[in-house]
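Take a look at the following structure, please.
The values are calculated or read from the model by the stated rules, or taken from the named source; none is laboratory data. Because the structure is predicted, anything quoted here is derived from the model rather than measured. No Cβ is skipped: glycine too gets one built from the backbone with ideal geometry, and neighbour counts run over all protein chains shown.
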Amino acid sequence: MALNFSKQLKGVVTRKSGVNTYRVTINERWAHPIYKKIVSSQKSFLAHSEQNHEVGEEVYIVPVTKISKKKYYRIVDETKITAK
C-alpha cells in the first residue's frame, strides 16, 4: 500500500474509538486575508493504527483507501515521515 506523505496531517489523539481505531483532532490557525484576525478551526478524523497510542499523543496521519465507513486515514511513524 502506497502512503501519500505529501498530504500528511499532524494532530492529537483525542479518543480511542475501537480496537485499532483512534480519533485524531487537527487544529488549524491562519490569518484572515482581509481582516488579519487569527482564525482557528478544528476537525476530527478516525484513523487506523496497529500500535497502541495514548490520548493526548501527537501523531501524523496520511490518507489511504477507505478502511471502513468513516475511517480513511492511517497513523504513521514519525521516522517514516522524516525519511521522505
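State whether one or more residues within region 6-18 are within 23 Å of residue 70 (Cβ to Cβ), among the aliphatic types (A, V, I, L, M), more than 12 Å from the chain's Cα centre (by Cα) and at pLDDT 90 or above.
Looking for residues that are within 23 Å of residue 70 (Cβ to Cβ), among the aliphatic types (A, V, I, L, M), more than 12 Å from the chain's Cα centre (by Cα) and at pLDDT 90 or above, one finds none in region 6-18, hence no.
How about region 29-68: which of its residues are of a type in the set (Asp, Glu) and exposed (fewer than 11 other Cβ atoms within 10 Å of the Cβ)? Reasoning before the result, please.
Keep residues of region 29-68 that are of a type in the set (Asp, Glu), which gives 50, 54, 57-58.
Across region 29-68, the qualifying residues are 50, 54.
Exactly one of these conditions fails for residue 19: (1) of a type in the set (A, V, I, L, M, F, W, C); (2) out of contact with any strand residue (DSSP E or B) (no Cβ under 7 Å at 6 or more places or on another chain); (3) in contact (Cβ under 8 Å) with a residue 24 or more places away in the chain. Give me its number.
(3)
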